[in-house]
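Values quoted throughout were computed directly from the atomic coordinates according to the rules given, and no laboratory measurement underlies them. Note that the coordinates shown come from a computational prediction; the quantities given were computed from them, not determined experimentally. Neighbour counts run over all protein chains shown; Cβ positions are idealised from the backbone, glycine included.
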């Protein structure tokens, strides 16, 4: 009788152990799985800020405002972006390229007709809304 | 003898049952999260404007807060913090939405007066000027530079990017720039659209999508990135920015 009780106890414990091992090996699907390839956040401190319901419900209100003054200030930069879209450009007497990494222009003028080349370059700029070559910052000029 | 054996077996099984779960759980203990602030993805620093550390801080002096109107400073803070820069040079503190919002408020870059021409909100302008016009000298003083072009700087309500403009934007992101975007009709996660500023991380012209760090989206997740279609997005400005 005693032996039977011990046997039942042992069997029960074995079943419990198997269940616990199974739970550990196959965690609930509700838990967010961690992809080993996904970069993990690196902060060294653990600080869980639990959002309040009001945090979750509130949406960012319009955060961008705008004025016509801003439009004018942006216009120059906008026109420069349109110019960059056309590059690299090869004219008759000049060529113009743009380097995205350094945000710089490279202008090559025909050395034999430098004045005409510069004029052609200025015309090209004007045709694309750039009033003055000084609008182009970081410009490296060379003659060929 | 049998009793002793049974006792040993019971103790052994008990020990196994107690320690097994903790042994298997150990793998997950390295997941550490500061909600509202994620530092991953090649060190890009994400800030959530709703974070309780700064979300309720006043931003423009009219009752607005970083939570409600601070996407501009939060986006700028992301860029500064990504490069480990401070909003106040010399302070030694890496920028947060709070410190950037303080600077913007001081400099008058958070608009407070109403009835401005072109104001998006009839109740008065608030929030942040499109960051494309934030003073270049200030950007330089904090260690950032902006490209001389503004991919979409043609003004309110903004332009839908053509494929060529998307390629232009992609050229910048491929060359190490982040793009600071002011968008007039950002799709709000709770429906509708809002004016918003975000940091564009990647541009995909063929799919016509951008992947962004938006200070009001995915705030409570370690994966802060959100990919959205650009087919109807209206960009007020889209400015390449990186460190000097």
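Pairwise inverse Cα distances across segment B:193-244, averaged and inverted, put the Kirkwood hydrodynamic radius at 12.2 Å.
Just grab the label-to-label distance for residue B:88 and residue B:136, each label 7 Å out from Cα along the Cβ direction, in nm (one decimal). Label-label distance for residue B:88 and residue B:136, simple model: 2.8 nm. The calculated FRET efficiency for residue A:143 paired with residue A:92, based on their beta-carbon distance and R0 = 22 Å, is about 0.90. If r is the Cβ-Cβ distance from residue A:134 to residue B:188 and R0 is 41 Å, what FRET efficiency results, to the nearest 0.05? After rounding to 0.05, the efficiency reads 0.45. Maximal additional length on extending the residue B:160-residue B:174 stretch stands at 2.9 nm, based on 0.36 nm per residue less the C-alpha distance.
Each principal axis of segment A:92-144 carries a Cα extent, and these read 31, 24, 15 Å when sorted largest first.
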